[in-house]
Amino acid sequence: MSVVVDISNSLKRAREAKGLSQRALANLSGVPQSHISKIESGAVDLRISSLVEIARALDMELKLVPRKGLSAVNSIIRSTQAKTQSKSMLGVMAKLQRAADELSATVAGDREVTQLRSRLHELSRISLPSESEGRLKELAKQMRKLTSGKGGASLDTVLEEVDRLRNAAVYQQVLEPVGRQRSAYSLDGDDDA
């Protein structure tokens, strides 16, 4: 069951990364929007034909990979995702840094602003999941509102959110499984472990 959930989450992330609504994806793939909604929520058994059509509409392909080659494929996928993510994430992080600089110029010498700038610097050195990009954009908007004095979130709230994003990214990297652990002396036919 977790495989179906993983697939549905991957499809949803890919759709959101492309900036498509479920309706737009339905138009591109030929799969009804209600079926896409059920697939993303994990409420329906996934048919291979629907999966292929949705994946192709998202510029993805399905391939069967031998188990022995799976770790290499996963490594390649992680490296390419990091490269594509880094381009869009760099722009968002630059916006955040500019907003922090503007805030620093407005509120010179404030300890919280100094903390915010150092935490943003830490955050820029961490590989963040693509889901956090929207939240980072929202933080930049909140910081601009603080700079202009239009209200919005307090500086403490922004600091807490930056910490939350940082901690989530760090702990996700730590908890992410590298692959199935196998003993070094197991035999090829011995898959009981």
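Summary of computed values
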| quantity | calculated |
| --- | --- |
| Only one of Asp101, Asp156 that is modelled with pLDDT of 75 or more and surrounded by 13 or more Cβ atoms within 10 Å (Cβ to Cβ) | Asp101 |
| Single condition Arg47 does not satisfy, out of (1) closer than 27 Å to Leu128 by Cα; (2) not assigned by TED's automatic domain parsing to the domain that holds Gly134 | (1) |
| Leu70 vs. criteria more than 20 Å from Ser130 (Cβ to Cβ), touching a residue at least 60 places away in the same chain (Cβ under 8 Å), of a type outside the set (Gly, Ala, Ser) and surrounded by 11 or more Cβ atoms within 10 Å (Cβ to Cβ) | yes |
| Failed item, numbered, when Val52 is tested on (1) part of a helix (DSSP H, G or I); (2) under 30 Å from Gln142 (Cα atoms) | (2) |
| Filter result for Leu20 (in a loop (DSSP other than H, G, I, E, B) and modelled with pLDDT under 85) | no |
| Some residue of segment 163-176 being touching a helix residue (DSSP H, G or I) at 6+ places or on another chain (Cβ under 6 Å), assigned to a loop (DSSP other than H, G, I, E, B) and at pLDDT below 70 | no |
| Residue count, segment 43-82 (criterion: under 26 Å from Pro32 (Cβ atoms) and among the aliphatic types (A, V, I, L, M)) | 12 |
| Residue match in segment 84-91 (condition: surrounded by 16 or more Cβ atoms within 10 Å (Cβ to Cβ) and in contact with a Lys or Arg (Cβ under 9 Å, 6 or more places away or on another chain)) | no |
| Candidates Ser10, Ser21, Ser29, Ser41 - the one that is among the polar types (S, T, N, Q) and closer than 21 Å to Ile77 by Cβ | Ser10 |
| Of the criteria (1) modelled with pLDDT of 80 or more; (2) at negative phi; (3) not aromatic (Phe, Trp, Tyr), which one Asp59 fails | (2) |
| Filter result (closer than 15 Å to Val4 by Cβ and either surrounded by 16 or more Cβ atoms within 10 Å (Cβ to Cβ) or of a type in the set (D, E, K, R) (or both)) within segment 43-58 | Val44, Asp45, Leu46, Arg47, Ser50, Leu51, Ile54, Ala55 |
| Of residues in segment 6-28 being surrounded by 13 or more Cβ atoms within 10 Å (Cβ to Cβ) and charged (D, E, K, R), the one nearest to Pro129 (Cα to Cα) | Arg13 |
| Any pair with Cβ under 6 angstrom, 6 or more apart, that starts in segment 13-33 at a residue that is touching a residue at least 40 places away in the same chain (Cβ under 8 Å) and ends at one that is part of a helix (DSSP H, G or I) and crowded, with 16+ Cβ neighbours inside 10 Å | Arg15/Leu25 |
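The values are calculated or read from the model by the stated rules, or taken from the named source; none is laboratory data. Please read all numbers here as calculations on a predicted model, not as lab measurements. Every residue, glycine as well, gets a Cβ built from its backbone with ideal geometry; the counts of neighbours run over all protein chains shown.
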